[in-house]
Amino acid sequence: MKLDHVGVAVRALSEVADFYRERLGLEEVHREEVPGQGVRVVFLGNPKDPEGCQVELLEPLSRDCAVSKFLSERGPGLHHLAFRAGAVEAAMKRLYSAGLPALEAAPRPGARGHQVCFLHPKRCHGVLVELVGSSAV
Ligand code: CMX
């Protein structure tokens, strides 16, 4: 699977996005709220390379979401790796059969209109893994 993006948990997008834009030269390519995931996100990358790996900044929308808990326990920083999985449901079935069930019973709506699922960091050697579907929700 190809790496789609790297998720980074931040306390405030406004405090962090400039670092990626001004110091590292990335450009904002997408911004949205994903209520089902409890986050407001900004994707940064190279607009001329839409297939290239991007950075997703994740700001919690409330105190009781996954990213808020992550920030309280571990502080800002690398949150997850996201891979393009094609048909997410098929990937979930394949991984389930191999003894690696996703956190969700079925794909759910993620950012940019994609179906997504997550694999628990305890089952992935300390890294939260997201599978991103190619189809829109
Ligand atoms: N990376 C690595 N380890 C992580 C982690 C992460 N992102 N989040 C939690 N952990 C670790 C905790 O530090 C803890 O480790 P220790 O037991 O060693 O202290 C352990 O996982 C806790 O696991 P848990 O008790 O099962 O559950 P949590 O309540 O902490 O939830 C998780 C963890 C992964 C199940 C939850 O965050 C989740 O469901 N994530 C998927 C959804 C998500 O993260 N959405 C936001 C992103 C949306 C987007 O990208 O658009």
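Here the Kirkwood formula puts the hydrodynamic radius of segment 22-74 at 12.1 Å, using every distinct Cα pair. Treating each Cα of segment 45-137 as an identical point scatterer and summing with the Debye formula, the log10 of I(q)/I(0) at q = 0.12 Å⁻¹ comes to -0.41.
The sum of -39500 (n - 2.57) across all DSSP H runs of n ≥ 4, divided by the residue count of the chain, sets its helix-only mean residue ellipticity at 222 nm to -5000 deg cm²/dmol. In a simple Cβ point-charge model (Lys, Arg +1; Asp, Glu -1; nothing else charged), segment 1-134 has a dipole of about 460 debye relative to its Cα centre. Here segment 1-80 is treated with +1 on each Lys and Arg Cβ and -1 on each Asp and Glu Cβ, and its dipole about the Cα centre works out to around 220 debye. Of interest is the spacing of the C-alpha centroids, which for segment 94-137 and segment 8-57 amounts to 20 Å. The angle between the Cα long axis of helix 88-97 and the longest principal axis of the Cα atoms of the chain comes to about 50 degrees, rounded to the nearest 10.
Coordinate-derived values only; no laboratory data. For clarity, every value in this text was computed on a predicted model and none was experimentally measured. Because the Cβ atoms are built from the backbone with ideal geometry, glycine has one as well, and the counts that use them run over all protein chains shown.
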